[in-house]
Amino acid sequence: MSTPVSPFSYLSTLWVQLTGTWCNLQCVHCINASGPKNPWLKSLDPKTVKRSIREAETFGVKEIYFTGGEPFLHEDILDLLAFALQAAPTTILTNGTMINGTVADALAALASQTPYSFEIRVSIDDIDAEQNDRIRGKGAWAKALKAIQLLHARGLLPILTATEPVHQSLSEESGLYTRFRNFLLSLGIDKPRVKIIPIFPIGRMAVVGAPLLTEEVLQGFDFSLLQCSETRVVADGGIYSCPILAGLAEARLSEESLQDSFKPCRLYHPACVTCYHTGMTCKNF
């Protein structure tokens, strides 16, 4: 049985896997098994990041996302964000634990100086500190919550990002969404923003023998619903089809050139099934 492929349409989104799998936390559901020790995917150097952003800009990229690992571990993060914000609307995904008052001031300054929108997504997995820290590590909840408050106080509108099992609804009416929205309102966050994502069968949640997509299942399917039809990721080792699969050899489409990656990608991984069933996108909404 042949592996189905997703055709490439155009480049709307560039993801930058900035710190690879280097993170100061070690969350139990991490899709790429990031952590503080021996990252299996290396960080990117600034030259590679800027080259990819320049190339993406020539192809009319609509959005740029920075992720990891934890991107605030990268010593050039503020400079690279500023560079990206000259090219397109930019988002950074963070666990929030490294955002103090000084960092929040710097991020607010970036937001005030760019012609494009600047978004910050902060990960929290429960409104209860103890429940959250069972997933993310002791003290993670308090630091992430503080980051959200610091950003809000400076006029930024951070997006709280949480996970829930794939079998649950990802709609705005889901229980998790409502709990987080009400929680933020109770803290005085007057314009709460919440994104809920499913848990993927990859990384620390990998499932042996998980089902795969087939050509038969995808007959008549609208491939534009899959983010890989218009998304590419720069990470250690080259250009990849998907931020969830970044760093995996079978998801690599090019060693360096963004343009060379503009070709169909194989839907070979169980994580592709999650995107197919849920309509999941790693973008903000």
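The values are calculated or read from the model by the stated rules, or taken from the named source; none is laboratory data. None of these values were measured; they are calculated from a predicted model. Glycine also receives a Cβ, built like all others from the backbone with ideal geometry; neighbour counts cover every protein chain displayed.
Here THR281, THR231, THR274 are screened, and the one residue that is out of contact with any Asp or Glu (no Cβ under 8 Å at 6 or more places or on another chain) and surrounded by fewer than 18 Cβ atoms within 10 Å (Cβ to Cβ) is THR281. Residue check: is VAL61 in a loop (DSSP other than H, G, I, E, B) and touching a residue at least 40 places away in the same chain (Cβ under 8 Å)? So VAL61 passes the test. Among the listed residues ALA82, ALA88, identify the single one that is assigned to a loop (DSSP other than H, G, I, E, B), surrounded by fewer than 24 Cβ atoms within 10 Å (Cβ to Cβ) and either out of contact with any Cys (no Cβ under 7 Å at 6 or more places or on another chain) or hydroxyl-bearing (Ser, Thr, Tyr) (or both). Testing whether each residue is assigned to a loop (DSSP other than H, G, I, E, B), surrounded by fewer than 24 Cβ atoms within 10 Å (Cβ to Cβ) and either out of contact with any Cys (no Cβ under 7 Å at 6 or more places or on another chain) or hydroxyl-bearing (Ser, Thr, Tyr) (or both) leaves just ALA88. Hey, any hits in the stretch 207-223 for a residue that's in a helix (DSSP H, G or I) and farther than 24 Å from THR161 by Cα? Checked against the condition, which is being in a helix (DSSP H, G or I) and farther than 24 Å from THR161 by Cα, the stretch 207-223 yields at least one hit. Among the criteria (1) under 23 Å from ARG181 (Cβ atoms); (2) in contact with a helix residue (DSSP H, G or I) (Cβ under 7 Å, 6 or more places away or on another chain), the one GLN131 does not fulfil is (2). Screening the candidates ARG193, ARG204, ARG266 for the property of being within 27 Å of ALA33 (Cβ to Cβ) and surrounded by 17 or more Cβ atoms within 10 Å (Cβ to Cβ) yields one hit, ARG266. Restricting attention to the stretch 30-45 and to residues that are surrounded by fewer than 16 Cβ atoms within 10 Å (Cβ to Cβ) and modelled with pLDDT of 95 or more, the residue that is nearest to VAL122 (Cα to Cα) turns out to be PRO36.
Restricting attention to the stretch 243-273 and to residues that are in a helix (DSSP H, G or I) and either modelled with pLDDT under 95 or among the charged types (D, E, K, R) (or both), the residue that is farthest from CYS30 (Cα to Cα) turns out to be ASP260.
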